[in-house]
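Heads up: the structure comes next, in structure tokens.
The values are calculated or read from the model by the stated rules, or taken from the named source; none is laboratory data. Source: prediction; values computed, not measured. Side chains included, ligands, DNA and RNA excluded: accessible areas come from the protein's heavy atoms. Shrake-Rupley method; radii C 1.70, N 1.55, O 1.52, S 1.80 Å.
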Amino acid sequence: NLWSLIRLPEFNADGTMVFPQFDGINIFLVSPVFALMLYSFFRDIKNGCLIKTAAILTILTEIICITMHKTMGGWHFGNRYINDCLPMAILILSLSYKNNTVSKPLIIVTIAGVLINTAGTVACYLL
């Protein structure tokens, strides 16, 4: 199931993009906040920020435990079970900046994630 978290959409012979309907899709494509979290993780290891590193390791451990399940979800768009980790990832990223301000990259990836998931859900269920 770990493979399903990084697989990309496929293309038909006519060039149209086809998203898998079972077992999720690339976690960084559908939920770009995880890409920012991964970047933050390596940055914090380099800078020695152990508390935030431990918090991100907890999320990664939860993701690994979730992928041990038989499937990653049925007919849907995106990563159904992995989305349980999103609130904690956003909270950790938002609290990691000085003066309790939210960073511009976090705002950008959060808005991008909402737009991608809205478009994917509409395409999956209405088209």
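Using a Gaussian network model of the chain in which every pair of alpha carbons under 10 angstrom is joined by a spring, one finds that among V18, V109, V30 the greatest mean-square fluctuation is at V18.
When the solvent-accessible area of the chain is split by element, carbon and sulfur atoms take up 70 percent of it, the probe being 1.4 Å.
Surface exposure of the chain, expressed per residue as accessible area with a 1.4 Å probe, stands at 63 Å². Report, as a whole number in µm² per second, the diffusion coefficient that Stokes-Einstein gives for the chain at 25 °C and 0.890 mPa s using the Kirkwood radius over alpha carbon pairs. Reported coefficient: 157 µm²/s.
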